[in-house]
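*Asks:* Sharing a structure, written as structure tokens. Questions coming.
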Amino acid sequence: QIIFDAYINPKYKTQMLLEEDLITEHSNVCVDDLRLKLVWKDDVLTDAKYEAVGCGVFLASCDLAIDLFLNKSKTKISKLLDLYFKMINKKLDDKNIASLKKLEKLQVFENVKVHLNRLECASIIYRAFKKAL
């Protein structure tokens, strides 16, 4: 339901015309394509929007990640991204498992690796934010 809601009613998805400073990322295996605009004040993410085409897992991961990362520092976002990456790739240790609640709604992608093609979909937002940091 969380994925469906984020897919049907995205908060941050928009249409961007020839904007500068866009981060682009796309899938290596399907049509998922992302154009991401991030606004920083000092080291804090103050605004974000994206334009994207793709599947529900991909689009929901974009919206849910932005929702989690807004008003957080680059350092905090980097730590959350690392935890997210470990979670979707099933590489969590006991310490990380206890920290999963920090991912809030992004936890919905915990078992995405069961369908390897969906792992790519959920990884695109990770790669885009890593470029920004």
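The values are calculated or read from the model by the stated rules, or taken from the named source; none is laboratory data. Owing to the predicted nature of the structure, the values given are computational and were not obtained by experimental measurement. FYI the Cβ positions are ideal-geometry reconstructions off the backbone, even for glycines, and counts take in every protein chain you see. Ligands, DNA and RNA are excluded from the accessible area calculation, which covers all protein heavy atoms including side chains. Shrake-Rupley method; radii C 1.70, N 1.55, O 1.52, S 1.80 Å.
*Asks:* In segment 54-61, is there at least one residue being at pLDDT 95 or above and β-branched (Val, Ile, Thr)?
*Replies:* Yes - at least one qualifying residue is present in segment 54-61.
*Asks:* Determine whether segment 68-77 contains at least one residue that is at pLDDT below 95, open to solvent by 60 Å² or more (accessible area, probe 1.4 Å) and assigned to a helix (DSSP H, G or I).
*Replies:* no
*Asks:* Taking segment 80-124 on its own, how many of its residues are closer than 20 Å to Tyr7 by Cα, acidic (Asp, Glu) and not in a loop (DSSP other than H, G, I, E, B)?
*Replies:* Total satisfying the criteria: 2.
*Asks:* Right, next: Restricted to segment 13-29, and to residues that are more than 16 Å from Tyr126 (Cβ to Cβ) and of a type outside the set (D, E, K, R), which residue is least open to solvent (accessible area, probe 1.4 Å)?
*Replies:* Met16
*Asks:* Among Asp47, Asp33, which is the only one that is open to solvent by 10 Å² or more (accessible area, probe 1.4 Å), under 15 Å from Ala122 (Cα atoms) and free of Cβ contacts under 8 Å to residues at least 24 places away in the same chain?
*Replies:* None of the others qualify; the one that does is Asp33.
*Asks:* Taking Phe58, is it more than 15 Å from Ala122 (Cα to Cα), aromatic (Phe, Trp, Tyr) and touching a residue at least 60 places away in the same chain (Cβ under 8 Å)?
*Replies:* Judged against the criteria, Phe58 is not a match.
*Asks:* Any chance you could count how many residues in segment 100-133 are open to solvent by 70 Å² or more (accessible area, probe 1.4 Å), closer than 14 Å to Lys90 by Cα and of a type in the set (S, T, N, Q)?
*Replies:* 1
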